[in-house]
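No value in this document is a laboratory result; all are computed from the given coordinates. Remember, predicted model here, so these are calculated numbers, not experimental data. Note that we place each Cβ from the backbone using ideal geometry, even for glycine, and neighbour counts take in every protein chain shown.
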Amino acid sequence: MLAAAMALVAVAVVPPGPVTVEVVSVGGTGCPQGTTNVAMSEDNEAFTVTYSDFLVQAKGSEAKKSCTIELELNHADGYAYGIAATDYRGFASLEQGAKGTARNSYHFPGFPTRHSMHTYQGPMSDNWQVTDKPDSVAHGPCKDKKPLSIETELKVTGKRNVSFMTMDSTDSSVSTTYRLQWKKC
């Protein structure tokens with residue numbers, strides 16, 4: 001029991017000093033240049049990705065858009081992080097018979113990819129919000145820090161009228177939050 005408590009304490013340690021996030025690259029139809037912002041929380045326990053133009057719409061067809069972001073977190077040596085939970089949200093306007101799908105994945109090069117997918121059925125005209133928690137946290141490497149790759153996709157299959165799904169907001173309040181779990185190496 002003492003060993004389990006010690007392991008939990010070791011995992012809950014946040015590195016000393018500031019942690020900064022650097023965007024290495026952004027690409028995809030869901031995030032044209034200048035429409036994505038990434039920010040680290042003050043407590044170094046999460047970062048957010050804010051989209052200002054991530055919208056997919058379909059009328060009698062299937063349409064999808066995606067965004068791939070590669071990030072480097074700069075932090076004190078001797079620590080590694082993993083994604084403990086992901087909170088993402090948006091808005092969907094789906095006609096009767098239409099379907100919207102939000103898919104999210106992330107990984108460090110050479111490490112397993114974590115996937116999540118959520119489907120919404122029409123009729124729907126409302127905000128949507130999802131929190132994904134993996135069964136176990138895949139931490140990045142302790143040495144040779146590697147970038148974190150994040151891919152988000154929205155897909156809508158429409159019927160007769162226009163249906164759409166979004167991860168954007170005119171006031172930049174819609175964002176995806178990646179909650180971190182740190183470990184001391």
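Quick notes
- Partners of residue 155 within straight-line reach, counting aspartates and glutamates whose Cα lies under 16 Å from its Cα and excluding those fewer than 8 residues away in the same chain: 53, 62, 95, 168.
- Relative contact order, whole percent, for the chain stands at 34, derived from Cα pairs under 8 Å and 6 or more residues apart.
- Projected area averaged over orientations for the chain, convex hull of C-alpha atoms, nm²: 11.6
- Remark: region 83-182 projects, on average over all directions, an area of 7.3 nm² (convex hull of Cα atoms).
- Each peptide in 72-85, 129-142 gets a packing score, the mean of other Cβ atoms within 10 Å over its residues, and the list from highest to lowest is 72-85, 129-142.
- Test item: Cα-centred dipole of region 2-184, Lys/Arg +1 and Asp/Glu -1 on Cβ, debye: 580
- Per-pair calculated FRET efficiency, R0 = 25 Å: residue 85 and residue 22 via Cβ, rounded to 0.05: 0.65
- Distance histogram in 10 Å bins (all Cα pairs of region 39-119, percent per bin): 11, 41, 29, 14, 4, 0
- Once the Cβ-Cβ distance of residue 135 and residue 48 is raised to the sixth power relative to R0 = 22 Å, the FRET efficiency obtained is 0.40.
- If you look at the Cα atoms of region 18-77, you get an Rg and a Dmax of 14.6, 52 Å.
- Pairs beyond 20 Å (Cα-Cα), from 64/133; 99/133; 145/184; 143/184: 64/133; 99/133
- Rounded tilt (10° steps) of 2-11 against the dominant C-alpha axis of the chain: 60
- Theoretical gain in end-to-end length, residue 179 to residue 72 [0.36 nm per residue, Cα-Cα removed]: 37.0 nm
- Residue with peak Gaussian network fluctuation, the chain [Cα springs, cutoff 10 Å], from 41, 149, 66: 41
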